[in-house]
Amino acid sequence: MADPSSYRPKPGQIPDSPGVYKFRDEHRRVIYVGKAKSLRQRLANYFQPLTSLHPRTATMVTTAASVEWTVVATEVEALQLEYSWIKEFDPRFNVKYRDDKSYPYLAVTMNEEFPRVQVMRGAKKKGVRYFGPYGHAWAIRETVDLMLRVFPVRTCSAGVFKRSAQIGRPCLLGYIGKCAAPCVGRVTPEEHRELAEDFCDFMAGRTGTYLRRIEQQMMAAAEDMEYERAARLRDDIEALRKALEKNAIVFNDATDADLIAVAEDELEAAVQIFHVRGGRVRGQRGWVTDKVEAVDTAGLVEHALQQLYGEETGDSVPKEVLVPALPEDADAVSGWLASRRGSNVSLRIPQRGDKKALMVTVARNAQQALALHKTKRASDLTTRSRALEEIAAALDLDSAPLRIECFDISHLQGDDVVASMVVFEDGLARKSEYRRFQIKSFEGQDDVRSMHEVISRRFRRYLAEKVRTGEWAEEESQEGAEVIGAEPGGLPAAVSGEVSALQEEDGRPKRFAYPPQLLVVDGGQPQVAAAKRALDELGIDDIAVCGLAKRLEEVWVPEEDDPVVLPRSSEGLYLLQRVRDEAHRFAITYQRAKRTKRFKAGPLDAVPGLGDTRKQALIKHFGSVKKLRSATIDEICEVPGIGRKTAETLAAALAEAVPAAPAVNTATGEIIEEDDGGSTP
């Protein structure tokens, strides 16, 4: 624990101007990022007597070992830089919201020649129009099914679209009038794009124009006695009205706004957002967070705005944002939102009328979300705590293993040997910490030897990180100096080569910076012995090791002839099984991907320095590897990006490569001539 006075800047060093500041711990990891109108005034607040600080703030400043700052021109720039740094460094003392579910969106891929309407989740992509989010994917599909009658936009996958174009027949939706069938040329790309734009306009809330236009067309058709067309237009109007009925009208003035409400207690907070477009609720989402910093409602709102609009531009940022409390720098936040939208954005607290009434509803949803989250978490936390305590008791550990790492080896009959490392913290998977390895020191099938190599490599990097940060010197001991191959100071010689490979200090935790309290291997006594031997060779004696054998689910520990048997109903055994199964899944996924890539490799893959872009250019120019093989060096040089030296290397590699044997039709015995003798990227 550091004394804040030991790193407090001298008077006059801190500028009295807007900026962003970072607190770092003794290992140079960024632990907190903040912004201020005046860096001098804000930072002075952190160096008061600890008794006058909020407990969370006191914990942060005593964990920190240094502070640094960056001066910017305006408060808006400070807000943007703060958001970027929080996203980059992931500081442990900053509030970070997490979605309580993966919300589906209605997406229109306007970046394709023939835009497609589909359900999408996850990160947003450039050139795609999004509407929502929705509570359930089926709600999107029902809405789309009603609207395809009026806007018959393509909804099929790329494979179905390509297949229909090849056979010259549309899919079922094309026959029943719910797709314009651009795959077979019923409409031009321009006409289909216009349909997609009309679909997007309707979903964006501009509904009155289309309803009036269709009503006029219906009346005109009736006057011309085209009763079948008039009946179809009548049904189109009914379909659109049914789609609109799925979104409740909350404002009569076609308002575009987002309403944000916060429910909080001393430890956690929940945020609910209602997206209103064209006066109708078009989507809803929610976040929850642990209050790891001293923050009030206004601060929670500011963090929510940063996460909600940090990656959005244009119409994705509404004209009006309604909040329960204004951020401290409301003008700066409004300016930042306006810069994201490209026009003015109103950030305010609703005082009366329909907007105030809807805000009450959003707040009620936030309260319910927080209560539900705490109920679920309490149940999960109790179970996880019991599982960790059972593991600690069974393995005779000093404390519950809050960080567990599990290793597994995967291969196919000795080929493509790989390993996985998965991490569980507090009984939950930490996927950002997962790592995978290729076995490098030997070839063939030897799980024990592979396990020894992987454990050695992982903990050599851990020790190298300790050397770089100076932690090893503090923990130097007489026993460490007696390790075989150790250098003076107790550092194993195998580690010294790893130090130079580490990146320079940038504030982010390194890949192998944190040790586990428990190391689990997938296997029995031999694998456990190999893992323990690897740790002993590195002089590491404060990490517990065990193995979980699949056959009888027995837990093996080093230097014991008999396994530890946990009851089948044990929560501890169930957690170990989850960890082991996750390691197996991660390893076999990597091994299959590696094997697939090897099987798909063609003669172009063996050419050094030839990347995917130039491979594509070569195949596009010549049409196939067979034609490329017969081309001269001068002809190869005609391809953009291919120089003479590369062309000579390519011609030599193709000349050495043996063409694949021709395929044979087993029914007729006919030899099938292949145009492409290799893989295309």
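The values are calculated or read from the model by the stated rules, or taken from the named source; none is laboratory data. Only a predicted model underlies this, so the values are computations on that prediction, with no experimental measurement involved. FYI the Cβ positions are ideal-geometry reconstructions off the backbone, even for glycines, and counts take in every protein chain you see. Please note that ligands, DNA and RNA were not included when accessible areas were found on the heavy atoms of the full protein model with its side chains. Shrake-Rupley method; radii C 1.70, N 1.55, O 1.52, S 1.80 Å.
Set side by side, the residues SER84, SER66 differ, and just one is at pLDDT below 85 and among the polar types (S, T, N, Q), which is SER84.
Within the range 417-436, the set of residues being within 19 Å of VAL579 (Cβ to Cβ) and either out of contact with any strand residue (DSSP E or B) (no Cβ under 9 Å at 6 or more places or on another chain) or buried (at least 20 other Cβ atoms within 10 Å of the Cβ) (or both) comprises VAL418, ALA419, SER420, MET421, VAL422, VAL423, PHE424, GLY427, LEU428. Taking ALA371, is it over 29 Å from THR143 (Cβ atoms), open to solvent by 40 Å² or more (accessible area, probe 1.4 Å) and among the hydrophobic types (A, V, I, L, M, F, W, C)? Spelling it out, ALA371 is indeed over 29 Å from THR143 (Cβ atoms), open to solvent by 40 Å² or more (accessible area, probe 1.4 Å) and among the hydrophobic types (A, V, I, L, M, F, W, C). Residue pairs whose Cβ atoms lie under 9 Å apart, separated by 6 or more positions or on different chains, with the first residue in the range 570-583 and open to solvent by 40 Å² or more (accessible area, probe 1.4 Å) and among the hydroxyl-bearing types (Ser, Thr, Tyr) and the second modelled with pLDDT of 85 or more and in a helix (DSSP H, G or I), are TYR574/ALA387.
Right, LEU372: over 17 Å from TYR514 (Cα atoms) and modelled with pLDDT of 85 or more or not? For LEU372, the condition - over 17 Å from TYR514 (Cα atoms) and modelled with pLDDT of 85 or more - is not met. Taken together, the criteria exclude ALA587 from residues that are assigned to a helix (DSSP H, G or I), at pLDDT 85 or above, over 30 Å from TRP85 (Cβ atoms) and open to solvent by 30 Å² or more (accessible area, probe 1.4 Å). For the range 75-96, the set of residues classified as touching a strand residue (DSSP E or B) at 6+ places or on another chain (Cβ under 6 Å) and surrounded by fewer than 20 Cβ atoms within 10 Å (Cβ to Cβ) consists of LEU81, ARG92, listed by residue number.
Counting the residues of the range 543-594 that are aromatic (Phe, Trp, Tyr) and more than 21 Å from VAL448 (Cβ to Cβ) gives 1. All of SER316, SER339, SER334 fail the test of being surrounded by fewer than 21 Cβ atoms within 10 Å (Cβ to Cβ) and without any contact (Cβ under 8 Å) to a residue 40 or more places away in the chain, apart from SER334. Among the residues examined, VAL61 does not qualify as open to solvent by less than 70 Å² (accessible area, probe 1.4 Å) and closer than 30 Å to LYS124 by Cβ.
Selection of the range 133-151 for residues being of a type in the set (Phe, Trp, Tyr) and at pLDDT below 75 yields TYR134, TRP138. Within 19 Å of LYS35 (Cβ to Cβ), touching a strand residue (DSSP E or B) at 6+ places or on another chain (Cβ under 9 Å) and at pLDDT 85 or above: does that describe VAL360? Here the answer is no, as VAL360 does not meet what is asked.
Quick check: is even one residue across the range 592-603 surrounded by fewer than 15 Cβ atoms within 10 Å (Cβ to Cβ), modelled with pLDDT under 80 and not in a helix (DSSP H, G or I)? Yes, the range 592-603 has at least one match.
Residues that are closer than 19 Å to GLU405 by Cβ, open to solvent by 30 Å² or more (accessible area, probe 1.4 Å) and not aromatic (Phe, Trp, Tyr) within the range 547-556 comprise just one, LYS550. Of all the listed residues (ILE439, ILE391, ILE404), the sole one being open to solvent by 20 Å² or more (accessible area, probe 1.4 Å) and among the β-branched types (Val, Ile, Thr) is ILE439. When restricted to residues that are farther than 21 Å from PRO515 by Cβ, of a type outside the set (Lys, Arg) and either without any contact (Cβ under 8 Å) to a residue 24 or more places away in the chain or not in a loop (DSSP other than H, G, I, E, B) (or both), the range 545-555 contains 3. Pick from the range 1-33 the residues that are among the hydroxyl-bearing types (Ser, Thr, Tyr) and part of a loop (DSSP other than H, G, I, E, B): which of them is farthest from LEU300 (Cα to Cα)? This residue is TYR7.
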